[in-house]
Amino acid sequence: MEKYFDQIQDYIENLLSPAEREAFEQALQQDAGLREETALQQQLHPIICQRVQAAPGEAQLRQTLANNRDLFHTASTEAKTEPRVFQLKRWAIGVAVAACLLIVFNFFGLFAPNLTQLPTLSTETVRGTEQVSTLNQGIEAFNQAQYTTSAGIFSALWTQDTTQVRMQYYLGLSYLGGQDYTQAIQTLQPLAEGTSIYVDDAAYFTAVAAWKNNNTAKGLRFARQVSEASDYYDRAQKLIKKME
């Protein structure tokens, strides 16, 4: 079963090639355990996606768990009459809770990150300057998905000094978060074609913006540019599969 972990998730997200999908569906027909495991992950997938897209914080975590309380109750009830199913569901509950608590990594490779998920930006710890204070306001707005506000702040900071590639990168991400894909591409593409520390990150998010803007050729070009050393390499490979 372990060898199918990645394939189950890719099957659910429609990321398998036609040949891979056909082989997987043949395996589904022959393996009852695999069918049950796939059905279980299909149930959990919306829950995990909901948590991935939620803003960080205890309040959001509590609300996510409360919204999915029925899953836990159902598993407990079914344990009285279906021990084997309960064993699987008990494992599923553990995965769901772990994903809610720490979604920043894949649990045994089961749950791929949302391809459009934006990073969480870190605030500056150095205090005492107006620019740092303004930067942190932009970062906090971005992390709270207030992309119009963050775009305005990062744009102003970048205008003050266009050599600040970090402001350019943050601005591009803000445009992407606000679904202004054309502006995101225009802002991120020069970074993706440059030599700064953001080259791989910018390449990946340029690919995402191009994909969302229905420009598959450009999306593939920049997704393929993401190097294997990048944290976004695996996501880039999945994005390529989705666009091809």
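The values are calculated or read from the model by the stated rules, or taken from the named source; none is laboratory data. Nothing here was measured: the structure is a model prediction, and the numbers come from that model. Cβ: placed from backbone, ideal geometry, glycine included. Neighbour counts: every protein chain shown.
Checking each residue in the range 187-244 for being assigned to a helix (DSSP H, G or I), farther than 22 Å from Glu20 by Cβ and among the small types (Gly, Ala, Ser) picks out Ala192, Ala202, Ala203, Ala209, Ala210, Ala217.
Would you call Val85 among the β-branched types (Val, Ile, Thr), within 23 Å of the chain's Cα centre (by Cα), modelled with pLDDT under 90 and in the same structural domain as Leu44 (by TED's automatic domain parsing)? Explain how you work it out, then say what you get.
Working: among the β-branched types (Val, Ile, Thr): yes; within 23 Å of the chain's Cα centre (by Cα): no; modelled with pLDDT under 90: yes; in the same structural domain as Leu44 (by TED's automatic domain parsing): yes.
So Val85 does not fit the description; no.
What about Leu171, is it under 20 Å from the mean Cα position of the chain (by Cα), at pLDDT 95 or above and buried (at least 23 other Cβ atoms within 10 Å of the Cβ)?
Values: under 20 Å from the mean Cα position of the chain (by Cα): yes; at pLDDT 95 or above: yes; buried (at least 23 other Cβ atoms within 10 Å of the Cβ): yes.
The answer is yes for Leu171.
Looking only at the range 150-186, which residues are more than 15 Å from Asn213 (Cα to Cα), part of a helix (DSSP H, G or I) and among the hydroxyl-bearing types (Ser, Thr, Tyr)?
From the range 150-186, those more than 15 Å from Asn213 (Cα to Cα) are 150-171, 174; that's our starting set.
Checking which are part of a helix (DSSP H, G or I) leaves us with 150-160, 165-171, 174.
Of everything in the range 150-186, those that are more than 15 Å from Asn213 (Cα to Cα), part of a helix (DSSP H, G or I) and among the hydroxyl-bearing types (Ser, Thr, Tyr) turn out to be Ser150, Ser155, Thr159, Tyr169, Tyr170, Ser174.
Taking the listed residues Ala202, Ala217, the one that is surrounded by fewer than 15 Cβ atoms within 10 Å (Cβ to Cβ) and of a type in the set (A, V, I, L, M) is Ala217, with no other qualifying. Looking only at the range 123-149, residues that are modelled with pLDDT of 90 or more and either among the hydrophobic types (A, V, I, L, M, F, W, C) or assigned to a loop (DSSP other than H, G, I, E, B) (or both) come to 7 in all.
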